[in-house]
Amino acid sequence: MEKELKICTAIRDKDFEDQVVMMAKSQGWKNSFVNIDDIVTEHGRDKLFFIVEDSYTSILDLIELHNSCELNFIPVIIVSRDNSKYLNWVKAVKFPEKYFSIGMRDFSELMVKLVKTMDVLRDTYYYKKIAIFRENTAECYKRNESFSDFINEALPRLLELLYTERGSIMLLNCRKNLVVEAASKKEIVGLEVEHKPDSVAWTVIDTEKPVFVEDIDKDPRFKKGQGYSKDYFLSLPIFVHDKIAGVLNLTDKMVSLLFDSNDYENANNLLGILEPYFLLNQHKCGKPSSSLNEN
């Protein structure tokens, strides 16, 4: 489903801000005031667009912290009063194409065109991000002699793009057990897990549907003391040629929001790039790793 565009504003002149909000609503766009969660999760439920007065330098500095990463794109229109003291702020940014500076007098005539143009540019950056992941994955596969080395090198790149600190990839082996092929927690790599219907991973395998957990401490499928820094979790199915092949587990999201359908969509896009390599691994079905039976 196409994400809705949401205009986030931080403008001191409230009459001018009300005008901006009215123009946004006339286009069918959502709106809100700028908040920290919006800035640090530019990949969230909505396609976010920021309109910020240049005197809000603390907000702009926080946005630039994220925009300075080449593959992030938070589109921002910076509006300025006549004789503003902050006109030079944008000159110090790393990627100027992520910002458009304009005076308040001219803004009302150009707002809609500017938003639509920069929204297209933001989409271009997203596809660039996916393309770079595809290229890096191919290079990683050529560089590593074993599938285990390859997938453990690829996993951190995938987690970074999903803004997730920890995760694991579990694949079905020849005995139809799940094997931890890659994980942030290196000591569990190679562990084999036999079928247990009430576990999260096997629930995903059996239903072929994702599992969103909002509170790990209250979910009986999670053991106490496993060391998760956040209390939410996403486990989603991995498919190869439309057949269930494994599970991707994600936890410890870098921002203070729950996992949602947007994370699921982004993860599936990246898993689609890894699918040919999962298929090659299936053709090389070898000996199982060390065994772990859940009690």
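Heavy-atom accessible area for Arg134, with the other protein chains in place and a 1.4 Å probe, reaches approximately 120 Å².
Roughly what angle does helix 147-161 make with the longest principal axis of the chain, taking Cα atoms, 0 to 90 degrees, to the nearest 10? For 147-161 against the chain, the angle is about 30 degrees. Placing pseudo-labels 7 Å out from each Cα toward the beta carbon at Leu110 and Tyr126 gives an inter-label distance of 2.6 nm.
Assuming R0 = 25 Å, what is the FRET efficiency of Lys3 and Lys176, from their Cβ-Cβ distance, to the nearest 0.05?
Details: r = 37 Å, r/R0 = 1.50.
Given R0 = 25 Å and the Cβ-Cβ separation, E is 0.10.
Relative contact order, whole percent, for region 1-122 stands at 23, derived from Cα pairs under 8 Å and 6 or more residues apart. Among Thr207, Thr137, Thr164, the largest mean-square fluctuation in a Gaussian network model of the chain, built with springs joining Cα atoms closer than 10 Å, belongs to Thr207. Once C-alpha pairs closer than 8 Å and six or more residues apart are averaged by separation and normalised to the residue number of the chain, the relative contact order reads 14 percent. Note on Ser55: accessible area approximately 20 square angstrom, rounded to 10, probe 1.4 Å, nucleic acids and ligands left out.
Among DSSP bridges having both ends in the chain, what percentage is antiparallel? Round to the nearest 5.
On the way: 25 of 46 bridges.
The antiparallel proportion sits near 55 percent.
Considering only Leu62, Leu270, Leu48, the mean-square fluctuation computed in a Gaussian network model of the chain, springs between alpha carbons under 10 angstrom, is largest for Leu62. Please report the carbon-and-sulfur percent of the accessible area for region 147-204; probe 1.4 Å, protein heavy atoms only, DNA, RNA and ligands left out. In region 147-204, the share of accessible area belonging to carbon and sulfur is 52 percent. Residue separation of Ala138 and Asp119 scaled by 0.36 nm, minus their Cα-Cα distance, works out to 3.9 nm of gained length. In the chain, the calculated helix contribution to ellipticity at 222 nm averages -13000 deg cm²/dmol per residue, counting -39,500 (n - 2.57) for every DSSP H run with n ≥ 4.
Taking Lys and Arg as +1 and Asp and Glu as -1, the other residues whose beta-carbon sits under 10 Å from that of Glu64 total +1. Spacing of the modelled spin labels on Lys25 and Asp37, each 7 Å from Cα toward Cβ, amounts to 2.3 nm.
Which residue fluctuates the most in the chain, going by a Gaussian network model with Cα springs under 10 Å, if the choices are Lys47, Lys209, Lys113? Comparing Lys47, Lys209, Lys113 in a Gaussian network model of the chain, the most mobile one is Lys113. Rounding to the nearest 10 and keeping the result within 0 to 90°, find how far the Cα-based axis of helix 104-143 lies from the longest principal axis of the chain. Once rounded, the angle reads 20 degrees. For the chain, the solvent-accessible area with a 1.4 angstrom probe is 52 square angstrom per residue.
At full extension, Ser261 and Arg12 could sit 86.2 nm farther apart than now, given 0.36 nm per residue minus the alpha carbon distance.
The solvent-accessible area of Met118, taken with every protein chain present and a 1.4 Å probe, is close to 10 Å². Rounded, prolate or oblate for region 1-94? Axes are the square roots of the Cα gyration tensor eigenvalues, ordered a ≥ b ≥ c, and the cut-off for rounded is a/c under 1.5. Verdict is oblate for region 1-94.
The values are calculated or read from the model by the stated rules, or taken from the named source; none is laboratory data. These figures come from a predicted structure and were not determined experimentally. FYI the Cβ positions are ideal-geometry reconstructions off the backbone, even for glycines, and counts take in every protein chain you see. These accessible areas exclude ligands, DNA and RNA; they are computed on the full protein's heavy atoms, side chains included. Shrake-Rupley method; radii C 1.70, N 1.55, O 1.52, S 1.80 Å.
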